[in-house]
């Protein structure tokens, strides 16, 4: 299918909004657009986020840590409405200069520690509490292999496939084909690995699974981009088995609802400040 030719200008300029869903969440410059102090609750960990796949990674891990009895993992989860530009406030930029959710402020020590990028937050919490990250060198390395695989691959799934297939203002054949090919290759990478082991790092559930599941697990379960049929996800039976197994974990079910503002009312917990905030929304 032919498409109208686009000739890039000699020097790119931001002349008009790009259009499409989520078109207002990005800018061509960094830094804050307005002054606003972030709220701070009573718990050691302050999370500023939204229940996108990247945000869900962190709330799942926090709920898993609490389920293991780590009282120090208690947290306040504050809603950041990225569609309204709240990630560009001075307070948020101070925690994450990249203006992306999630961002964590760890106030458990003498001085607050800012942690941004979802993979960095997962690693920080796993090391802090000694959970979901094997201590033996081989197991640790394999876990980090898959954690960083996800961090490097997801932009192609989200910003590439997801954007052009689900959110772009017009459907364009070339980018959809290009990123569909890559999304399916990534699913095949996972399927081959999960044919060998029950979890990505081997026999044990880890932060690698927690990082990958909100993207690829929810994709094959039909909860991301409404693309399960288009991608023929039934072909990836090992990923499906793994995704459904993780979805049965109570902490995963709790974590995926935190900072959520869409879908069924019972699935929405816009902010979480205590365990009962989740319990009152459970069916």
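Readers should treat all values here as calculations from the given coordinates under stated rules, not as data from a laboratory. As the structure is a prediction and not an experimental result, all values here were calculated from the model. Counting neighbours? That spans all protein chains shown, and the Cβs are built from the backbone with ideal geometry, glycine included.
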Ranking of 115, 40 by count of other Cβ atoms within 10 Å, fewest first: 40, 115
Neighbour-count ranking [beta-carbon atoms within 10 angstrom, fewest first] of 48, 236: 236, 48
Nearest-0.05 FRET efficiency for residue 140 and residue 90, computed from C-beta distance (R0 41 Å): 0.65
Gyration tensor (alpha-carbon) shape descriptor, the range 1-150, a/c threshold 1.5: oblate
Percent breakdown of C-alpha pair distances by 5 Å bin, ordered from the shortest bin, for the range 176-283: 2, 11, 21, 21, 16, 14, 10, 5, 1, 0
For the range 108-240, the spread of Cα positions along each principal axis, largest first, Å: 52, 37, 20
Translational diffusion coefficient (Stokes-Einstein; Kirkwood radius from C-alpha pairs) of the range 166-212 at 20 °C, 1.002 mPa s, in µm²/s: 170 µm²/s
Alpha-carbon spread of the chain, three principal axes, descending order, Å: 58, 51, 40
Theoretical gain in end-to-end length, residue 26 to residue 81 [0.36 nm per residue, Cα-Cα removed]: 18.5 nm
Helical contribution to [θ] at 222 nm, DSSP H n ≥ 4, -39,500 (n - 2.57), averaged over the chain, rounded to 500: -11000 deg cm²/dmol
Cβ-based exposure ranking for 256, 140, in which fewest neighbours within 10 Å come first: 140, 256
Computed E for residue 235/residue 261 - FRET, C-beta separation, R0 25 angstrom, nearest 0.05: 0.15
